[in-house]
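The values are calculated or read from the model by the stated rules, or taken from the named source; none is laboratory data. Bear in mind that the values here come from a model prediction, so they are computed numbers and not experimental data. So basically every Cβ, Gly included, is an ideal-geometry build from the backbone, and we count neighbours across all protein chains shown. What goes into the accessible areas is simple: the full protein's heavy atoms, side chains included, and nothing from ligands, DNA or RNA. Shrake-Rupley method; radii C 1.70, N 1.55, O 1.52, S 1.80 Å.
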Amino acid sequence: MFRDLLYRFRTFFRRQRVHAEIDEELQYHLERETEKYRQAGASPEEAMRRARLVIGGPEQVRQQCREAHGTRLMDDLLQDLRYGVRTLGKSPGFTIVVILTLALGIGACTAVFSVVNAVLLRSLPYGDPAHLVYLYTPNPKLKLSAEIFEPVYADFRDLQQQSHSFAAMTTFAQSTYELASRDTTIRIGGARVDGDFFRTLQSPLELGRPIDAHDTEPGHDGVVILSHALWQNMFAGSMDVLTKSLRLGGKTYRIIGVMPVEFQYPHKTDLAFGNSHIAATQVWVPFVLSPQQKADRDGPSGEVVARLKPGVTVAQAQAEMSTIMARLNLLHAAVLPRDWRALVKPFLDLVVGPVRPLMWLLLGAVSFVLLIACGNAANLLMARAASRTHELGVRATLGAGRSRMVRQMLTESLILGFAGGFVGIALAYVFLHGLLRLNPGNIPRLNEASLDARVLLFTVALSLLTSILFGMLPALSASRINLVEFLKSGGSRGQVRSSNPLHNGLIVAEIGFVVVLLAGAGLLLRSYIHVESIRTGFSQSTVGMNIHLDSRYRQPQFPQRSRIFFQDLIGKLSAIPGIQAVGAVDGLPLSGEEDITFFWVDGYANQKNQWVEMRGATPHYFSAMGTPLMEGRFFTEDDASTHPRVVIINEAFAKAYFHGRDPIGQRVRVGAADHPWVTVVGVIGDVRLAHLEEAAAPQVYDPFDGEDSASIAVRSTLPPQVVTAAVRSTLKTIDPNLAMTDIHTMGELVSEATARRRFQTTLLTVFAAMALLLVLVGFYGLLAYSVKQRTAEIGLRIALGAPRARVLGMILRQGLQLVLAGLLFGLAGAVVLTRVLTSSLYGVQVLDPVTFLVVPILLLLVTLAASLIPGWKAAGVDPAIALRSE
């Protein structure tokens, strides 16, 4: 079969030579047959005549030979292609409009698919990521998210040794490092990994070797692996990088490897509760644990990733791990409730699971745009078919079958579809660059979206599909020829007319699709407006930055060194002209740093395992943030060193636990049950600390007592760039080996918190606007075509005395009927489909009355405007000219 197909292709592409061979063989047989009759006594003329009768006509024989070679279909297709190009070339306006309409839909769809491909479909830079899982040891009695509870090191070792479901298991911890770079110091994100890290992920290095078990032994941990970006930035991609070293946090590490460009695990989005200061990992160093740490059942913990053995399911691994943790639970001390359990969570569910609904939502929305574009193209083709009545009727009269005409018209559709796809690729490139500019920063691998081979193959398939979608209906409609009627009319009147029900049905469907998109965009826009109006509890102009102290500030002989450092820095910054207030805090609002602790309230019916958000703040921090004082006072400089200790609470805490009592002077206990009671000295306004779209939870602030890491908040009349330069200069005079990171205004943090919502809302609004534009063009085109088809009827109405206003009303009424039908169809679909947006809404309901009132009004106004021009043209028809043309 393959050889036969190959022969046919060879014959098709060498047609001239094959035809010459056929003519030569035909001539040979003709001469032989002629010679036979001449030898029988016939004259030369009679012999030639008899030979031709026996062999047949030359064209007939050639056609039979071509059919025997199996190339007739390809010849016909090539002929259809040439004819289609010539036909479309005679109507450049029509061709350009259809191609641009399709290109808009295909380009938008391709751009969104490139994002879906990068985020969901493209393989992660790990071996078979579907077999990777995260392991957690949640404690339901503590009433916290399961992903907070990473296995402690002792539990990890026991799970690693006792489980049989995993081929490999690794633990790691995020960390930041001060990197000496030329004449400055920068902080970079890193990870401390054990000897099984790269083996578990099955990620080969670009250069060098991975970290192994020997490197994690004390005294052998002075090695480091670089990310591809750091290798390029620090060493310009030098191939002798393995002979060099790197200085991190005052310690020298020997470089033993470089990772590929796509590997930066863990990213910011790869962990449920990762370090908010690390967007992507740039260095990997050995994770060294002492024997005491390895045996500590109630001490520190690390992230754990495991690889399932072939054939082992997540459910089976969950069952085995639960059995093991039931035994290990009894070994934990009673400091916290003994209810440690097991959770096995697929790696992909955590990495891409949160954004999967968003990706499918965008792809579904842009598919509606493509369907509307196809509907417009189909309407244009059906309208054009009416003007080809004579041509198609003549072809049918001469014997062309319906299938032959359908194939010819589908060929023209394919030409338009693939031309639209070609232009769509160019538009997709533009759309994709605009889309990447909206990157919210918390969608994994969005920045890797590109028009790669898979995306281009998708575009080809999409072009083919759209060609069939918008071409089949007009082809079937136009090829339905009534030869009797055609011949009766002498071929002068068209029997191939665009079917109004088909036209109207497509427009109604398009209007329905755009109503769904407008309703979804409206709900998201209203939600975004509500989010933007949230009272955050802080000034968005305040400039924040993070400073992490290195090991020099953690020496036992200097216990107050970190506190003295921050006091010195705040004092010097406060003296700079233009700076109004400076403060320090453990973690800024919306920075992703969460610190919770147990608490008790004196005189309240406390429950077990009550949690509260905790922060340490300096006296002027609240002033720097613009957080209002509701009652009492702020901290003073003496509060951090005097006893009894004091705290400040927020309004939510006061309402929840001091309802009906004055909170000032009341006592609370935070931390452990044996900690002393502390006195409430102030109540501040509620601040959105963890999530912008969640109401402020109860919060407690105690005096900042010096930490390894702190965020500095600066309120100033100076521009943010000037403030940043002043802080950097001041920091350099105090300690040039320290670096600032995460520099931003609080408004930028708010913008980051709403980035994914803004990304989703913007794209859906753009798609809805594109769909509305396409529907507007299609609706106008339908009414204009209808007026043209009814010119004689309209002229007769006017000649018989119909007022022109009534003619205008007739066209407007026709348009209004279509819009109302589309609205009913669209609103019904919107009620159902917009429910998928429930989790994305804030402050509005799925059946928001404002949205479902504004959308119909908007659509009615737009379509009414589109109906006016065809209506005015209809009202201005000259009856004499119209009737003369009939």
Anything in region 334-355 that is assigned to a loop (DSSP other than H, G, I, E, B), among the aliphatic types (A, V, I, L, M) and in contact (Cβ under 8 Å) with a residue 24 or more places away in the chain? List them, or say none.
Val335, Leu336, Ala342, Val352
Does any residue of region 776-787 turn out to be at pLDDT 90 or above and within 31 Å of the chain's Cα centre (by Cα)?
no
Answer yes or no as to whether Thr281 is exposed (fewer than 14 other Cβ atoms within 10 Å of the Cβ) and polar (S, T, N, Q).
no
Going through region 530-554 in order, the residues found to be out of contact with any strand residue (DSSP E or B) (no Cβ under 8 Å at 6 or more places or on another chain) and among the polar types (S, T, N, Q) are Ser533, Thr536, Ser551
Let me confirm something: among Ala624, Ala617, which residue is closer than 14 Å to Ile649 by Cα and either of a type outside the set (Asp, Glu) or within 34 Å of the chain's Cα centre (by Cα) (or both)?
Ala617
Quick check on my filter: what residues within region 500-543 are out of contact with any Pro (no Cβ under 9 Å at 6 or more places or on another chain), over 30 Å from Gly815 (Cα atoms) and not acidic (Asp, Glu)?
Ser527, Tyr528, Ile529, His530, Val531, Ser533, Ile534, Arg535, Ser539, Gln540, Thr542
For Ser641, only one of the following conditions fails: (1) touching a Lys or Arg at 6+ places or on another chain (Cβ under 6 Å); (2) without any contact (Cβ under 8 Å) to a residue 24 or more places away in the chain; (3) hydroxyl-bearing (Ser, Thr, Tyr). What is its number?
(1)
Residue check: is Asn117 of a type in the set (S, T, N, Q) and closer than 30 Å to Ala461 by Cα?
yes
Sole residue being at pLDDT 80 or above and closer than 30 Å to Glu752 by Cβ, chosen from Leu438, Leu464, Leu416, Leu457:
Leu438
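Every residue, every condition in (1) in contact (Cβ under 8 Å) with a residue 60 or more places away in the chain; (2) open to solvent by 50 Å² or more (accessible area, probe 1.4 Å), yes or no:
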{"site": "Glu217", "(1), (2)": "yes, yes"}
{"site": "Asp221", "(1), (2)": "yes, no"}
{"site": "Leu226", "(1), (2)": "no, no"}
{"site": "Gln232", "(1), (2)": "no, yes"}
{"site": "Phe235", "(1), (2)": "no, no"}
{"site": "Ser238", "(1), (2)": "no, no"}
{"site": "Ser245", "(1), (2)": "no, yes"}
{"site": "Gly249", "(1), (2)": "yes, no"}
{"site": "Ile256", "(1), (2)": "no, no"}
Only residues that are assigned to a helix (DSSP H, G or I) and buried (at least 20 other Cβ atoms within 10 Å of the Cβ): list them for region 634-665, please.
Asp639, Glu651, Phe653, Ala654, Tyr657
Test for Ala617: is it under 17 Å from Asp586 (Cα atoms), open to solvent by less than 50 Å² (accessible area, probe 1.4 Å) and of a type outside the set (D, E, K, R):
yes
Among the residues of region 796-852, which ones are within 38 Å of the chain's Cα centre (by Cα) and among the charged types (D, E, K, R)?
Arg835, Asp848
Pull up region 92-135, narrow it to residues that are touching a Lys or Arg at 6+ places or on another chain (Cβ under 7 Å) and not aliphatic (A, V, I, L, M), then point me to the one that is most open to solvent (accessible area, probe 1.4 Å).
His131
Consider Leu78 carefully, then state whether it is assigned to a helix (DSSP H, G or I), more than 30 Å from Gly311 (Cβ to Cβ) and at pLDDT below 85.
yes
Pick from region 559-601, criterion of a type in the set (A, V, I, L, M) and open to solvent by 20 Å² or more (accessible area, probe 1.4 Å), ranking: nearest to the chain's Cα centre (by Cα)
Leu590
Given the conditions (1) open to solvent by 30 Å² or more (accessible area, probe 1.4 Å); (2) touching a Ser or Thr at 6+ places or on another chain (Cβ under 9 Å); (3) hydroxyl-bearing (Ser, Thr, Tyr), and given that Tyr553 satisfies all but one, which numbered condition is not satisfied?
(1)
Within region 713-741, take every residue that is in contact with a Phe, Trp or Tyr (Cβ under 8 Å, 6 or more places away or on another chain) and within 26 Å of Asn275 (Cα to Cα) and give me the one that is modelled with the lowest pLDDT.
Asp735
Do we find that Val355 is touching a helix residue (DSSP H, G or I) at 6+ places or on another chain (Cβ under 9 Å) and open to solvent by less than 20 Å² (accessible area, probe 1.4 Å) in this structure?
yes
Where in region 689-762 are the strands (runs of 3 or more DSSP E), entirely inside, with at least 2 residues that are open to solvent by 20 Å² or more (accessible area, probe 1.4 Å)?
709-716, 740-745
